[in-house]
1. If you scan segment 114-140, which residues turn out to be more than 13 Å from the ligand (Cβ to nearest atom), modelled with pLDDT of 95 or more and touching a Gly at 6+ places or on another chain (Cβ under 7 Å)?
2. State whether the residues of segment 133-153 include one that is of a type in the set (Asp, Glu) and touching a strand residue (DSSP E or B) at 6+ places or on another chain (Cβ under 8 Å).
3. Would it be correct to say that Arg98 is farther than 17 Å from Ala149 by Cα and assigned to a loop (DSSP other than H, G, I, E, B)?
4. Which residues, counting only those in segment 34-71, are surrounded by fewer than 16 Cβ atoms within 10 Å (Cβ to Cβ) and either within 16 Å of the ligand (Cβ to nearest atom) or among the aliphatic types (A, V, I, L, M) (or both)?
5. I'm checking my understanding of the structure. Among residues of segment 85-117 that are in contact (Cβ under 8 Å) with a residue 12 or more places away in the chain and among the aromatic types (Phe, Trp, Tyr), which one is most open to solvent (accessible area, probe 1.4 Å)?
6. Can you go through Val138, Val120 and tell me which one is of a type in the set (A, V, I, L, M), open to solvent by 70 Å² or more (accessible area, probe 1.4 Å) and either free of Cβ contacts under 8 Å to residues at least 60 places away in the same chain or closer than 23 Å to Ala37 by Cα (or both)?
7. Hey, among the residues in segment 155-199 that are of a type in the set (Gly, Ala, Ser) and open to solvent by 30 Å² or more (accessible area, probe 1.4 Å), which one's nearest to the chain's Cα centre (by Cα)?
8. Mind listing whichever residues of segment 141-154 are open to solvent by 20 Å² or more (accessible area, probe 1.4 Å) and either under 25 Å from Glu90 (Cβ atoms) or away from the ligand (no atom under 16 Å from the Cβ) (or both)?
Amino acid sequence: MALLEDLQWRHALKGYDTKKKVKVEELGKIIEAIRLAPTSSGLQPFKVLLVSDKDMKEKVASACYSTNEAYVRESSYTLILAGWDRYTEERIDEVFKRTAEDRGFSVDRYTDYANKLKEVYVGMQSAQENFAHIARQVYIALGFGLAQAAELRIGSTPIEGYDANKLDELLNLQDLGLRSLCLITLGHSDSEKDWLAPMPKIRRSMNDFLVEL
Ligand SMILES: Cc1cc2nc3c(=O)[nH]c(=O)nc-3n(C[C@H](O)[C@H](O)[C@H](O)COP(=O)(O)O)c2cc1C
């Protein structure tokens, strides 16, 4: 029940209170929820880039479309969720080497499984298809981060409204083998600016939404 209350409470913030900051411990919990999100075959093909510094916020804001700029500037933190630019054999091997170490198994235990994944993921027809699969994992984690923020009663805005090529270039994400997919700004609502706060949540009715087969 509590989760549903959290989800009812949250909305995509449209204005941040610059004086009310998110605490570092709260930020840590949100990032932890993102880290704990499930991913296909446990590959976790993405990283979280944390933006708190004023100059870095300016840089990120400069790649955002219109109103989103202010969210980055005025929120306490911006998280950039950035996916691997592609699956590679080396990246898949690293995951299973670490898994074997952490579980105290020989890495051979995972050889067949890892080879199958390499065949499927690395062998994908196009780079676009490869990255689309990575992106799907990131969006699951986005949901976890938004839900954890809500549980802490911290406001957030998921943001796709930015120029990803521009941001990736500004931050040299190519050098890290990453491509940004979406941002999450975190902070507290400013009742003057956050016009969405008093409005009812708009969702399809359950009748319209659920298809019973
Ligand atoms: C992937 C994703 C990208 C979004 N991008 C933006 C954005 O760029 N700017 C913005 O103000 N809201 C953005 N939103 C917020 C949605 O418009 C909002 O979640 C939706 O209208 C439902 O409203 P609610 O989140 O307030 O319940 C985004 C939401 C998601 C899930």
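1. Ile134
2. Quick first cut of segment 133-153, residues of a type in the set (Asp, Glu) only: 151.
Retained after the next criterion (residues that are touching a strand residue (DSSP E or B) at 6+ places or on another chain (Cβ under 8 Å)): none.
No: zero hits.
3. Values: farther than 17 Å from Ala149 by Cα: yes; assigned to a loop (DSSP other than H, G, I, E, B): no.
Here the answer is no, as Arg98 does not meet what is asked.
4. Result: Leu36, Leu50, Ser62, Tyr65, Ser66, Thr67.
5. Tyr113
6. Details: Val138 fails: open to solvent by 70 Å² or more (accessible area, probe 1.4 Å).
Result: Val120 is the single residue among Val138, Val120 that is of a type in the set (A, V, I, L, M), open to solvent by 70 Å² or more (accessible area, probe 1.4 Å) and either free of Cβ contacts under 8 Å to residues at least 60 places away in the same chain or closer than 23 Å to Ala37 by Cα (or both).
7. Pass one, segment 155-199, residues of a type in the set (Gly, Ala, Ser): 155-156, 161, 164, 177, 180, 187, 189, 191, 197.
When the remaining residues are screened for being open to solvent by 30 Å² or more (accessible area, probe 1.4 Å), the result is 164, 189, 191, 197.
Values: Ala164: 14, Ser189: 20, Ser191: 26, Ala197: 23 Å.
Among them, the one singled out is Ala164.
8. Leu152
The values are calculated or read from the model by the stated rules, or taken from the named source; none is laboratory data. Just so it is clear, the model here is predicted, and its values are computed rather than measured. Neighbour counts run over all protein chains shown; Cβ positions are idealised from the backbone, glycine included. Surface areas here come from the heavy atoms of the whole protein model, side chains and all, with no ligands, DNA or RNA. Shrake-Rupley method; radii C 1.70, N 1.55, O 1.52, S 1.80 Å.
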